[in-house]
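Structure first, commentary second.
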Amino acid sequence: LRAGLQAQRIFAALGQPDPAAAAARLADPRVRGGGWANEGNRVPDLLSTYEAVLSADRLGLPVDGSHVARFLRSADRSADRSADRGGGTAWTPLGPTGGGPLADCLGDLLRARLSGALYPLPPLVLS
C-alpha cells in the first residue's frame, strides 16, 4: 500500500494525478475495523493509515473520518501513561503499549486532521 501511494503522490507532483488509481489502491487494504494495512495480513497499522489519509487529501479523495477514528481508538494507549507502561498511540491495535514519540506525533496529526484543525496532513514519508 505505502509504496503504491507514494508513487501516486509522485505522479500527482509531476502533473499526472490519477485519483481513480489511488482510490482503487486504497480500497483493498482498508481494514473493516478501521485503518489500513500495508499488506494482505489485514492488521492495520499507524503508518499505512497515515499515508492513506495523506494520499487521499493530496489527491482530493474523500476520507471516512469514522473509519480513521475507529483505528485511532483501537490504537490509543493513553490510559496506560499513568502506569508508566508506554502509553500514547500504538503502531497497531495489537500493540500492548504506545509506540513512542513518533507514533504519538502521527496519532496526534491524524486526530487534528479529523477534528478539522489540520488540513491537509503534512507530507511525511517515513517508510
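The values are calculated or read from the model by the stated rules, or taken from the named source; none is laboratory data. This is a predicted model, so every value here is computed, not measured. For neighbour counting, all protein chains shown are included, and Cβ atoms are generated from backbone atoms with ideal geometry for every residue, glycine included. Side chains included, ligands, DNA and RNA excluded: accessible areas come from the protein's heavy atoms. Shrake-Rupley method; radii C 1.70, N 1.55, O 1.52, S 1.80 Å.
In region 43-113, the ratio of gyration radius to Kirkwood radius, Rg to Rh, stands at 1.00 when only Cα atoms are counted.
Averaged over its residues, the chain has an accessible area of 51 Å² per residue, based on protein heavy atoms and a 1.4 Å probe.
Measuring nothing but how far apart in sequence close Cα pairs (under 8 Å, 6+ apart) lie, relative to its length, region 1-108 scores a relative contact order of 20 percent. A quarter of the convex hull surface defined by the alpha-carbon atoms of the chain gives 7.3 nm² as the mean projection. Proximity of backbone amide H atoms, modeled 1.01 Å from N, is registered between TRP36 and VAL31, ASP45, THR49 at under 5 Å, excluding neighbours fewer than 5 places apart on the same chain.
Remark: region 112-118, residue by residue, has Karplus-estimated 3J(HN,Hα) of 5, 5, 5, 7, x, 7, 9 Hz, where x stands for each Gly or Pro and the curve is 6.51 cos²θ - 1.76 cosθ + 1.60 at θ = phi - 60°. Rounded to the nearest 20 debye, the dipole magnitude of the chain is 160 debye, with +1 charges on Lys and Arg beta carbons, -1 on Asp and Glu beta carbons, and the Cα centre as origin.
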